[in-house]
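The values are calculated or read from the model by the stated rules, or taken from the named source; none is laboratory data. Worth saying up front: this structure is predicted, and the values here are computed from it rather than measured. So basically every Cβ, Gly included, is an ideal-geometry build from the backbone, and we count neighbours across all protein chains shown. For accessibility, only protein heavy atoms count, side chains too; no ligands or nucleic acids. Shrake-Rupley method; radii C 1.70, N 1.55, O 1.52, S 1.80 Å.
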Amino acid sequence: MNHVASPVLVIHGGAGVVRKDMTPEKEKAVRAALEKALAAGHAVLKAGGSSLDAVVKAIVVLEDDPNFNAGKGAVFNHDGKNELDASIMDGATLRAGAVANLHRIKNPIELARAVMEKSDHVMLLGDGAEQFAQSIGMPLVDPAYFHTEERWEALRRALDEAKTKTAERGKTPHHGTVGAVALDACGKLAAGTSTGGMTDKRFGRVGDSPIIGAGTYADARCAVSATGWGEFYIRATAARDICARVEFRGDSLKQAADEVVLGVIPKLGGDGGVIALDKNGNIATPFNTDGMFRGWIDKNGKTHVAIYAGE
Ligand code: ASP
């Protein structure tokens, strides 16, 4: 193995943190889950595994945890269904895979990776994506697997607010999308994102998470996974914009990520955050919401988990 870098892993569990809604129990559970996902992904890197493997490993832990809006714990759409999206990108080769509008895939990030590696395509949707999953032997789960009382209650509240018109259009809270970016010992970067989207979404709505260049992007220099109000991240091509600033303007990772998340997106009217990582192991995690569930294991192997600014 050509060892050129100390491995680094950065993860997020969404930027939709509302400080007043956080209980000490919830906070404890989320921090523990982030630590678990970091440990799982970093073990892959430490053993010489690829950044792609580490990204998938960490995201699967978060998808399986009902505290996050991805996999088990995904929010409900307007019709009372869980509709899942995910994407992944390999920075070294610019290969990418994405899936959207899934109802029966337990770990959407694994299907996104399979689209990248086992199909001739980049993005598959809905029934077609699930047919592809079956064709490669990936089992389908009963859609009831994704049901959680907390998310059901959130939909009920959103529907009530819509009836009484107290909700601001598009302002349904976005909670707990998950993502990971990794740098492996060979110096290769990867990024991945997985989500249930936004509570009460309608008409087959797809956000930024499965859109390569918007919610997920990785190249040889930079890897990004986003969370937030997806429509704005799509319009800003946020993840690609951050990497392009690093590539073409020579911006530092922090400068590029800050300008897009704290400048471009809020100017358009959106909110959220990103995790970003460069080939030298530098990390940036800007957000403009109350908080963003996030964590990393840095070049020195030190673990850090945070929710609010300044942590
Ligand atoms: N970005 C996701 C979406 O718009 C939501 C989120 O990050 O919480 O679907």
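Given the structure, is Cys222 of a type in the set (A, V, I, L, M, F, W, C), open to solvent by less than 10 Å² (accessible area, probe 1.4 Å) and either within 14 Å of the ligand (Cβ to nearest atom) or within 23 Å of Leu38 (Cα to Cα) (or both)?
yes
Out of the range 189-231, which residues are outside any loop (DSSP other than H, G, I, E, B), farther than 23 Å from Arg249 by Cα and not hydroxyl-bearing (Ser, Thr, Tyr)?
Residues satisfying the conditions are Gly192, Gly228, Gly230, Glu231.
Looking at the range 148-166, which of its residues are open to solvent by 70 Å² or more (accessible area, probe 1.4 Å) and touching a residue at least 12 places away in the same chain (Cβ under 8 Å)?
Glu150, Trp152 - these are the residues of the range 148-166 that are open to solvent by 70 Å² or more (accessible area, probe 1.4 Å) and touching a residue at least 12 places away in the same chain (Cβ under 8 Å).
Please give the number of the condition Asp120 fails out of (1) under 30 Å from Ala185 (Cα atoms); (2) not in a loop (DSSP other than H, G, I, E, B).
The single condition Asp120 does not satisfy is (2).
Quick one: would you say Ala39 is in contact with a His (Cβ under 9 Å, 6 or more places away or on another chain), outside any loop (DSSP other than H, G, I, E, B) and away from the ligand (no atom under 15 Å from the Cβ)?
no
Does at least one position in the range 113-127 carry a residue that is small (Gly, Ala, Ser), open to solvent by 30 Å² or more (accessible area, probe 1.4 Å) and in contact (Cβ under 8 Å) with a residue 12 or more places away in the chain?
Scanning the range 113-127, I find no residue that is small (Gly, Ala, Ser), open to solvent by 30 Å² or more (accessible area, probe 1.4 Å) and in contact (Cβ under 8 Å) with a residue 12 or more places away in the chain, so the answer is no.
Could you please give the count of residues in the range 221-269 that are of a type in the set (A, V, I, L, M) and in contact with a strand residue (DSSP E or B) (Cβ under 8 Å, 6 or more places away or on another chain)?
Here the count works out to 13.
For the range 183-193, enumerate the residues that are more than 10 Å from the ligand (Cβ to nearest atom) and buried (at least 24 other Cβ atoms within 10 Å of the Cβ).
Leu183, Asp184, Leu189, Ala190, Ala191, Gly192
Could you tell me whether Gly126 is at positive phi, within 16 Å of the ligand (Cβ to nearest atom), touching a strand residue (DSSP E or B) at 6+ places or on another chain (Cβ under 8 Å) and at pLDDT 95 or above?
Criteria met by Gly126.
Determine, yes or no, whether Arg113 is over 30 Å from Val18 (Cβ atoms), assigned to a loop (DSSP other than H, G, I, E, B) and more than 14 Å from the ligand (Cβ to nearest atom).
For Arg113, the condition - over 30 Å from Val18 (Cβ atoms), assigned to a loop (DSSP other than H, G, I, E, B) and more than 14 Å from the ligand (Cβ to nearest atom) - is not met.
Look through Gly71, Gly16 and report the one residue that is within 14 Å of the ligand (Cβ to nearest atom) and modelled with pLDDT under 95.
Gly16
One residue is enough: does the range 239-247 have a residue meeting the conditions over 17 Å from Glu110 (Cα atoms), within 14 Å of the ligand (Cβ to nearest atom) and either hydrophobic (A, V, I, L, M, F, W, C) or open to solvent by 10 Å² or more (accessible area, probe 1.4 Å) (or both)?
yes
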